Amino acid sequence: MCDDALADFFCFDKISYLLGSSSRRIEVSASLQERSVLLVKGPSGSGKSTLLRVLSRLQELVDGQVFFRGVSMRSFTPQVWRSKVHYVPQKPAVFPGTVYDNLQMPYNLRMNKSKQFDLEVIQRSFVDLMLDFSIMGQNANTLSGGETARIALLRSVILKPNILLLDEPTAALDENAKQAVLDFLTGWLEKKPDRGIVLVSHADESTTFPAANILEIGG
Ligand SMILES: Nc1ncnc2c1ncn2[C@@H]1O[C@H](COP(=O)(O)OP(=O)(O)O)[C@@H](O)[C@H]1O
Ligand SMILES: [Mg+2]
């Protein structure tokens, strides 16, 4: 596993990590091709969210390796790694300030200096995500859970990552908004080759992503 840098766009081989402060240890392997989805399933508390934290280097690996295009995670600095591999938590944090501030703020960071903040792209994405553009000036702390989830997703997408690590991105959404997000993600994957999604989901997303690889944890 993970020995074919072309086929295995994003790959982890027998990585193990601890759950919380306990000694419960999980070992998982999976791979992801370009333009595809890895669905992570498992009962509540089985370690799905923790896996995403490990893959984004917010939590240490105990053993094993993660590869992006055949290059080990360890050979990137955490900053460079996180510019390629974006984690969107189930309950994303918002910065103080407006929705606009939240979308624009990452562009002030030195690592994003070469990236262009493009309001037109954002405006189109608002339509795709069924968000009302009038919330741009709203205090981000006052957004609903579903709006926060979509703004956090958009905040990641506009920074052009290669891999999105999404933790139950549609959990706070009604049926229409959920479908909009799934269509948005499908469109995002199709637009460029060097993209992939690791999707933690309670719902059965295999109808939306029939070609997805599936990783079952625990149970
Ligand atoms: N910061 C933490 N401190 C203590 N325990 C934690 C922490 N984070 C996660 N856990 C525990 O690790 C286990 C896996 O959590 P998590 O990865 O969030 O599961 P899932 O996302 O599959 O529901 C749970 O039993 C949870 O209580
Ligand atoms: Mg979770």
Long-range amide H partners of Gln65, meaning residues 5 or more apart or on another chain whose placed amide H is closer than 5 Å, are Asp13, Ile15
Between Lys41 and residues 5 or more places away or on another chain, the pairs with built amide H atoms under 5 Å apart involve Leu215, Glu216, Ile217
To the nearest 10 degrees, the tilt of helix 145-157 (Cα long axis) against the first principal axis of the alpha carbons of the chain is 70 degrees
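Order Glu168, Glu120, Glu60, most accessible first, counting only protein heavy atoms with a 1.4 angstrom probe.
Details: Glu168 25, Glu120 125, Glu60 150 Å².
Per-residue accessible area, sorted high to low, gives Glu60, Glu120, Glu168.
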Length-normalised contact order of the chain, Cα under 8 Å, at least 6 apart, in percent, tallies to 31 percent
Taking Cα atoms, the helix 175-191 axis meets the longest principal axis of the chain at an angle in degrees (rounded to 10) of 70 degrees
Taking Lys and Arg as +1 and Asp and Glu as -1, residues besides Leu32 with C-beta under 14 Å from its C-beta add up to -1
Once amide hydrogens are built 1.01 Å from N within the peptide plane, the residues lying 5 or more places from Gly97 or on another chain with amide H under 5 Å from its amide H are Ala140, Asn141
On the accessible surface of the chain, probed at 1.4 Å with all protein chains in place, carbon and sulfur together account for a percent value of 49 percent
Measuring from the longest principal axis of the C-alpha atoms of the chain, the long axis of helix 119-128 (C-alpha) lies at a number of degrees, nearest 10, equal to 80 degrees
Per residue, accessible area of the chain with a 1.4 Å probe, heavy atoms of protein chains only, in Å², comes to 49 Å²
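The values are calculated or read from the model by the stated rules, or taken from the named source; none is laboratory data. Owing to the predicted nature of the structure, the values given are computational and were not obtained by experimental measurement. Note: ideal-geometry Cβ built from the backbone for every residue, glycine included; neighbour counts use all protein chains shown. Keep in mind that these areas ignore ligands, DNA and RNA; they rest on the heavy atoms of the full protein, side chains included. Shrake-Rupley method; radii C 1.70, N 1.55, O 1.52, S 1.80 Å.
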